[in-house]
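Chemist: Let me begin by handing over the structure; questions about it come next.
The values are calculated or read from the model by the stated rules, or taken from the named source; none is laboratory data. In this text, all values refer to a predicted model and were calculated from it rather than measured experimentally. As a convention, Cβ positions derive from the backbone with ideal geometry for all residues, glycine included, and neighbour counts pool all protein chains shown.
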Amino acid sequence: MLDCNPIPLFPLPIVVFPGQIVPLHIFEPRYKQMLADVRAADKRGETLPIGMILGEDREVQGEVGCAMLLAKVLDEFDDGRLNIIVRGARRFRIARIDEHKPYLEAWVEYVDDTEEPTDPVLLAKAVAALETLVKQLEEVTGAHADMGSLQNAFQIAQVTGLDLKIRQQLLEMTTENGRLHALCEYFERIIPQLEAERKLHRLTSSNGHTGDHRKGS
């Protein structure tokens, strides 16, 4: 159903998911106004989400975005700049864009999943594949990643280095099992590639020596 009220639209070159926490530094005049309107609505007892969608400046590149709720204002400066935290809520599809305000507004249709039970085997497979991927990356980069408890595909995708195209595809899917299946396919492609890079890293780190020091007779 088309939402009867427009929401502020914030095109950014990122794709965010429901439940994701995102820090933002607000400094452009149009987005200072956007936050002023969001906070004014909150004072009236209303909730005005910020529609974050793939794009840049006034160019919208995605069809589906994520409505973000203002979770906290961290810093507020004399010149109106803000450091804030927003949290992903519902997904939406743009029906119409209005350009009359300094920032874009959009009439949207909210997107929900088709109801189906999550396949626990598929979820466990995706989490196990991610753990394998993280171990490979830790060995190559030396950086440690704390994944925490992962309960769904969006949480898995947040800690995975997916490109924007794949992230957008996941955002648009309307079944949890479909997202989990897509993630498993991604891991099946990328893990062998990283394993080959890991072996090469080991080889170059040992200056080409394989550790076999046996002398010929």
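Chemist: Being in contact with a Phe, Trp or Tyr (Cβ under 6 Å, 6 or more places away or on another chain) and not charged (D, E, K, R) is true for just one of 52, 68. Which residue is that? Walk me through it before giving the result.
Modeler: Values: 68 fails: in contact with a Phe, Trp or Tyr (Cβ under 6 Å, 6 or more places away or on another chain).
Selected residue: 52, the only one of 52, 68 that is in contact with a Phe, Trp or Tyr (Cβ under 6 Å, 6 or more places away or on another chain) and not charged (D, E, K, R).
Chemist: Separate question: Go through segment 37-58 and count every residue that is farther than 13 Å from residue 94 by Cβ and outside any loop (DSSP other than H, G, I, E, B). Full working, then the answer.
Modeler: Keep residues of segment 37-58 that are farther than 13 Å from residue 94 by Cβ, which gives 37-50, 56-58.
Remaining after also requiring outside any loop (DSSP other than H, G, I, E, B): 37-43, 50, 56.
Total satisfying the criteria: 9.
Chemist: For segment 37-57, which positions are surrounded by fewer than 13 Cβ atoms within 10 Å (Cβ to Cβ) and either out of contact with any strand residue (DSSP E or B) (no Cβ under 9 Å at 6 or more places or on another chain) or among the aromatic types (Phe, Trp, Tyr) (or both)?
Modeler: Scanning segment 37-57 gives 40, 43, 44, 45, 46.
Chemist: In this structure, is residue 34 in a helix (DSSP H, G or I) and outside the structural domain of residue 154 (by TED's automatic domain parsing)?
Modeler: Details: in a helix (DSSP H, G or I): yes; outside the structural domain of residue 154 (by TED's automatic domain parsing): yes.
It is true that residue 34 is in a helix (DSSP H, G or I) and outside the structural domain of residue 154 (by TED's automatic domain parsing).
Chemist: Look at residue 59 and say whether it is within 21 Å of the chain's Cα centre (by Cα) and within 11 Å of residue 11 (Cα to Cα).
Modeler: On the way: within 21 Å of the chain's Cα centre (by Cα): yes; within 11 Å of residue 11 (Cα to Cα): yes.
Considered against the rule, which asks whether it is within 21 Å of the chain's Cα centre (by Cα) and within 11 Å of residue 11 (Cα to Cα), residue 59 comes out as yes.
Chemist: Give the residue, chosen from 67, 106, that is more than 20 Å from residue 22 (Cα to Cα), modelled with pLDDT of 95 or more, surrounded by 20 or more Cβ atoms within 10 Å (Cβ to Cβ) and not assigned by TED's automatic domain parsing to the domain that holds residue 165.
Modeler: On inspection, the qualifying residue turns out to be 106.
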